[in-house]
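Okay, here's the structure, questions in a sec.
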Amino acid sequence: MRGLLFGVAPDPAADDLPAGATAAERSLATTPMALQNLDDPVLPADDWVTLRPRLTGICGSDAKQVFLEGDPDNAMTAVISFPQVLGHEVVADVVDVGPDSEIEPGIRVLVDPWLTCATRGLEPPCSACVTGKHNLCHNFAGGHLPPGIHSGTCSKATGGFAELMPAHTSMCIPVPDDVSDEAAVLADPFSVSLHAVLRAPPPEGSKVIVYGVGALGATTIAVLRTLYPDTEVTAIARFPAQHEIATKLGAHSVLPHRPTEEIVRTVGDLTGGTLREPLLGLPWLHPGGVDIVYDTVGSPETLEVGVRIARPRGTIVVTGVSTPGRFEWTPWYFKELTITGSNAFGIEGLRGKRQHAMRHYLDLVREVGLDLRPLLTHTYRLEQWREAFGALADQGRSGAVKVAFDLR
């Protein structure tokens, strides 16, 4: 099979770069990833299956890794292994099955990417798996697989940036015939956002901020407007295309991401807050501010603004992953704010039903007409991988929100 392998010598594309190449083009020319002919997947146990990806979305975490962003002391390196075929936002066909699999060839599935106790052949399962917290499994480095938290971060459980990939039967969620590939591939980012909102549901009649309108920000707006229609949603967008998408998804107002001081002042006006002017740095609100900030960026800048615009004893839910850095955080403890981490998804309770987040997404697509397909702005073939990541690196020019590899 062909696949994009990360953790190898880079392609010699750097030699062909023009003198005026952008930083993203230079990074993509030297990143340790290459399209290669690889062995077909070897199923690690009899209850695994082989999938043929149809569409595979590029997650922000994939892009950050390919662009070599972040610090080398990242704690997550304890639970991943190399080399990797990235890609965990996958809709695929089942093409072959192990003798103990619980599904048949020929069906179309979403991939729940977590490499939990069940996928690793571990009995009894850990307490996190028993309670449906797949994202917090205790055994991401145990059992018959090398370390890896989900498909694409494990050297043996390769991901969807390839023509074939392995999956445990428990990872396969059937896609109804009336749900398109383009809708199905957005199940993962929607599920991430659903989990984040359920970590801190907005009170009735509340005012919230969605910070960032990439794929996670856009799907967070969709979750809020679909499930909490009486919540007033203000989005903070970086690019014109994101502003347009936030408006189409029902955000009540959209603010530019800079200048940050203007964000604080505008939120003060929206919430009747009192602006406090320090000797140096950004102003902050007290009293006043929004009930919840859903921070889908997670940068020092967004956190610094977030603690200034959240109301006293408000909440900031962080789903974005950015390179750590200093931010001035005294409003955090002064206003007794709660900063909550939100890590992907698992089994979630919604509308009186407890099931996998992706199943909730499929229900909402079919039952209430949730349509996120406009978020899938760009698709590419595997051999166009540099163009795909380049579109994400320059979203202001490309208008990209969700980019995916089309392997159909």
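The values are calculated or read from the model by the stated rules, or taken from the named source; none is laboratory data. Here the structure is a predicted model, which means the values were calculated and not measured. Glycine gets a Cβ as well: all are built from the backbone with ideal geometry, and neighbour counts include every protein chain shown. Just so you know, the surface numbers come from the protein's heavy atoms only, side chains and all, with ligands and any DNA or RNA stripped out. Shrake-Rupley method; radii C 1.70, N 1.55, O 1.52, S 1.80 Å.
With +1 on each Lys and Arg Cβ and -1 on each Asp and Glu Cβ, how big is the dipole of region 84-123 about its Cα centre, in debye rounded to the nearest 20?
Values: 2 positive and 8 negative charges, 30 e Å.
That gives a dipole near 140 debye.
Now, a different point. Taking amide H positions as placed 1.01 Å from N in the peptide plane, with prolines and chain starts having none, which residues 5 or more places from Cys172, or on another chain, fall under 5 Å of its amide H?
It is Asp112, by chain and number.
With the other protein chains left in place, how much accessible area per residue, in square angstrom, belongs to region 273-408 at a 1.4 angstrom probe? Don't jump to the answer; show the numbers that get you there.
Values: 6210 Å² over 136 residues.
Value returned for region 273-408: 46 Å² of accessible area per residue.
For Arg238, Arg265, write out the residues from largest to smallest accessible area, computed with a 1.4 angstrom probe and no ligands counted.
Details: Arg238 150, Arg265 75 Å².
So the residues, ranked largest to smallest area, are Arg238, Arg265.
Can I ask one more? Using only the alpha carbons, work out the radius of gyration and Dmax of region 84-213 in angstrom.
16.3, 53
Which FRET efficiency value, to the nearest 0.05, do you get for Asp269 and Arg326 by plugging their Cβ-Cβ distance into 1/(1 + (r/R0)^6) with R0 = 30 Å?
Values: r = 29 Å, r/R0 = 0.95.
About 0.55, to the nearest 0.05.
Here's another thing I want to ask about it. Once you place label points 7 Å from the Cα toward the Cβ at Asp178 and Phe334, how far apart are they in nm?
Inter-label distance under the simple model: 5.5 nm.
Whenever you get a sec, line up Arg258, Arg326, Arg308 from highest to lowest accessible area (probe 1.4 Å, protein heavy atoms).
Values: Arg258 140, Arg326 195, Arg308 10 Å².
Largest accessible area first, the residues go Arg326, Arg258, Arg308.
Once you have the Cα-Cα distance between Lys156 and Arg373, take 0.36 nm times their residue separation minus that, and quote the gain in nm to one decimal. Intermediate values should be presented prior to the final figure.
On the way: separation 217, 0.36 × 217 = 78.12 nm, distance 3.15 nm.
That works out to 75.0 nm of additional length.
Nearest 500 deg cm²/dmol is fine: what mean residue ellipticity at 222 nm does the chain get from its DSSP H runs of n ≥ 4 alone, each adding -39,500 (n - 2.57), divided by its residue count? Spell out each step's value before the answer.
Working: 13 runs with 109 residues, N = 408.
Mean residue ellipticity, 222 nm, calculated: -7500 deg cm²/dmol.
Here's another thing I want to ask about it. So how do Asp46, Asp16 rank on accessible area, 1.4 Å probe, biggest first, that is with the largest at the start? Please list the in-between numbers first.
On the way: Asp46 85, Asp16 125 Å².
These residues rank, largest area first, as Asp16, Asp46.
In addition: Given labels modelled 7 Å from the Cα in the Cβ direction, how far is it in nm from Asp71 to Asp230?
Rounded to a tenth, the inter-label distance reads 4.4 nm.
Could you go through region 282-290 in sequence order and give the Karplus-derived ³J(HN,Hα) for each residue, using 6.51 cos²θ - 1.76 cosθ + 1.60 with θ = phi - 60°, rounded to whole Hz, and x for Gly and Pro?
6, x, 9, 9, 5, x, x, x, 7
Expressed as a whole percent, how much of the Cα-Cα distance distribution for region 1-137 exceeds 21 Å?
Values: 5215 of 9316 pairs.
I get 56 percent for the Cα pairs in region 1-137 exceeding 21 Å.
On the accessible surface of region 98-140, probed at 1.4 Å, how many percent belong to carbon and sulfur atoms?
Values: 1110 of 2020 Å².
After summing per-atom areas, the C and S share lands at 55 percent.
Among DSSP beta bridges whose residues both lie in the chain, state the antiparallel percentage, nearest 5. Numbers along the way, then the final one.
Values: 35 of 61 bridges.
Antiparallel: roughly 55 percent of the beta bridges in the chain.
Let me ask something else. Rounded to the nearest 10 Å², what accessible area does Tyr380 have for a 1.4 Å probe in the complete protein model?
Rounded to the nearest 10, that gives 40 Å².
Give me the lysines in straight-line cross-link reach of Lys402: C-alpha distance below 18 Å, same-chain residues under 8 apart excluded.
Reachable lysines: Lys64, Lys248.
Applying a 10 Å radius around every beta-carbon, put 60-66, 270-276 in order of their mean neighbour count, most first. Mind showing how you got there, number by number?
Numbers: 60-66: 20.1, 270-276: 16.3.
So the peptides 60-66, 270-276, ranked by packing, come out 60-66, 270-276.
Any idea of Arg354's accessible area? Nearest 10 Å², probe 1.4 Å.
Ignoring ligands and nucleic acids, Arg354 comes out at about 150 Å².
Might you work out the accessible area of Glu277 for me, using a 1.4 Å probe with all protein chains in place, and round it to the nearest 10 Å²?
Only protein atoms counted, so the area is about 110 Å².
Let me ask you something else. Can you tell me the accessible area per residue over region 25-87, all protein chains present, probe 1.4 angstrom, in square angstrom? Before the final figure, lay out the partial values.
Working: 2980 Å² over 63 residues.
On a per-residue basis, 47 Å².
May I pose another question? If we sort 23-35, 393-405 on the protection proxy, mean other Cβ atoms within 10 Å, highest first, what's the order? The partial results should precede the final answer.
Details: 23-35: 17.4, 393-405: 19.8.
Top to bottom by mean Cβ count within 10 Å: 393-405, 23-35.
Something else: Can you list the aspartates and glutamates whose alpha carbon sits under 18 Å from that of Lys156, skipping same-chain ones fewer than 8 residues off?
List returned: Asp39, Asp40, Asp46, Asp47, Asp62, Glu89, Asp96, Asp112.
Rounding to the nearest 10 and keeping the result within 0 to 90°, find how far the Cα-based axis of helix 260-271 lies from the longest principal axis of the chain.
Orientation of helix 260-271: about 70 degrees from the principal axis.
Mind giving me the nanometre distance, one decimal, between the label points for Asp46 and Lys248, set 7 Å out from Cα along Cα→Cβ?
With each label point 7 Å from Cα toward Cβ, the separation is 5.0 nm.
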